[in-house]
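To start, the structure under review is shown below, and the notes come after it.
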Amino acid sequence: MVAVVVGGYAAFQRARPYLHGSGCEVRAAAGKMPLDLDQAANAATIAAVAFRKQLPERATVIAYATAIQESHIRNLPGGDRDSVGMFQQRPSQGWGKPAQLRDPVQATSKFFDALVKVKDYLDRDLHDSAQRVQRSADGRAYAQHEPDGKLLARVFTGREPGSARCWYPPDKKTAPRRAAAIREMRRAFGGRLQVDAPRSAAPEWDGVRVTNTRAGWAVAAWTVTHAQVYGLAEVRYAGRHWQADAGHDGWTKDEDAPTDHVIIQ
């Protein structure tokens, strides 16, 4: 009987990484939301571009509500007429070339550039500000997504620490491309993001220096949501630890994880 139990437990442990499939979840005081890997990566990118442009959290809420309505936060190859990308921006309306609008970083940057030109956009109703950017058929539709936009903003701007987790089975792992991940991260967050592994880090780690906790958790969330694409195995920050092999468990305690760097392997 003991052998059967031990054998069954060992089999379960081997199968466990495959049981949950692939996905992400954000969980905060206001609630939780399931996302697929692409949606989560795009959501993290929106917050990163807001960080680069030094925009307030309310701007990201508007962006999230808009992207949910337009594409379910997916980087769509097409849409109504010539609309493309997360925000379904149209080249024929002067938003840019299709290739630019299919790039989440550039598309988000263009959205924010238009949003900040809306007078008093922070004080307007969300659907009013979004509609003045998008000029859609029915701007009132954006309003229904404000609660989800607030939830995503709290998680991906780092207001609520360790609130984003992602997971995928071992057969979905990709080859490590940490240098490419750092380049893309800096493209999204901007040149203010400095990479210099602290003394305590091993040679196979990179350290992203952060000046405050919110920025640190925004970087950590971006890294976790992009881990599958870039073959990243672990992320450590502020006393917590995320591992790709146990991604569904989320962030676990790690007393040695620093507060001044997000450590990435």
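The values are calculated or read from the model by the stated rules, or taken from the named source; none is laboratory data. Bear in mind that the values here come from a model prediction, so they are computed numbers and not experimental data. No Cβ is skipped: glycine too gets one built from the backbone with ideal geometry, and neighbour counts run over all protein chains shown. Remember, those area values only see protein heavy atoms, side chains included, never the ligands or the DNA or RNA. Shrake-Rupley method; radii C 1.70, N 1.55, O 1.52, S 1.80 Å.
Brief remarks follow.
- Per-region count, the range 70-84, residues under 19 Å from Gln39 (Cα atoms) and either polar (S, T, N, Q) or at pLDDT below 95 (or both): 8
- Residues that are surrounded by fewer than 19 Cβ atoms within 10 Å (Cβ to Cβ) and aliphatic (A, V, I, L, M) within the range 81-90 are absent altogether.
- Considering only residues in the range 187-210 that are modelled with pLDDT under 95 and open to solvent by 70 Å² or more (accessible area, probe 1.4 Å), the one that is nearest to Gln228 (Cα to Cα) turns out to be Glu204.
Condition check ((1) open to solvent by 10 Å² or more (accessible area, probe 1.4 Å); (2) within 24 Å of Trp217 (Cβ to Cβ); (3) touching a Ser or Thr at 6+ places or on another chain (Cβ under 7 Å); (4) of a type in the set (S, T, N, Q)) across all residues:
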{"position": "Ser92", "(1), (2), (3), (4)": "yes, no, no, yes"}
{"position": "Leu101", "(1), (2), (3), (4)": "no, no, no, no"}
{"position": "Thr108", "(1), (2), (3), (4)": "no, yes, yes, yes"}
{"position": "Leu122", "(1), (2), (3), (4)": "yes, yes, no, no"}
{"position": "Arg132", "(1), (2), (3), (4)": "yes, no, no, no"}
{"position": "Arg140", "(1), (2), (3), (4)": "yes, no, no, no"}
{"position": "Arg154", "(1), (2), (3), (4)": "yes, yes, no, no"}
{"position": "Ala164", "(1), (2), (3), (4)": "no, yes, yes, no"}
{"position": "Ala175", "(1), (2), (3), (4)": "yes, no, no, no"}
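- Some residue of the range 37-54 being open to solvent by less than 20 Å² (accessible area, probe 1.4 Å), touching a His at 6+ places or on another chain (Cβ under 6 Å) and at pLDDT 95 or above: yes
Matching residues to (1) outside the structural domain of Arg214 (by the TED database); (2) more than 16 Å from Phe112 (Cβ to Cβ); (3) more than 13 Å from the chain's Cα centre (by Cα):
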{"site": "Arg132", "(1), (2), (3)": "yes, no, yes"}
{"site": "Ser136", "(1), (2), (3)": "yes, yes, yes"}
{"site": "Arg140", "(1), (2), (3)": "yes, yes, yes"}
{"site": "Arg165", "(1), (2), (3)": "yes, yes, no"}
{"site": "Arg178", "(1), (2), (3)": "no, yes, yes"}
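- Hey, Val49 in contact (Cβ under 8 Å) with a residue 60 or more places away in the chain and not aromatic (Phe, Trp, Tyr) or not: yes
- For the range 242-256, filtering for residues that are surrounded by fewer than 20 Cβ atoms within 10 Å (Cβ to Cβ) and either within 20 Å of Arg209 (Cβ to Cβ) or touching a Cys at 6+ places or on another chain (Cβ under 6 Å) (or both) leaves 2.
- Within the option set Val235, Val262, being in a strand (DSSP E or B) and farther than 19 Å from Pro169 by Cα holds for one residue only, Val262.
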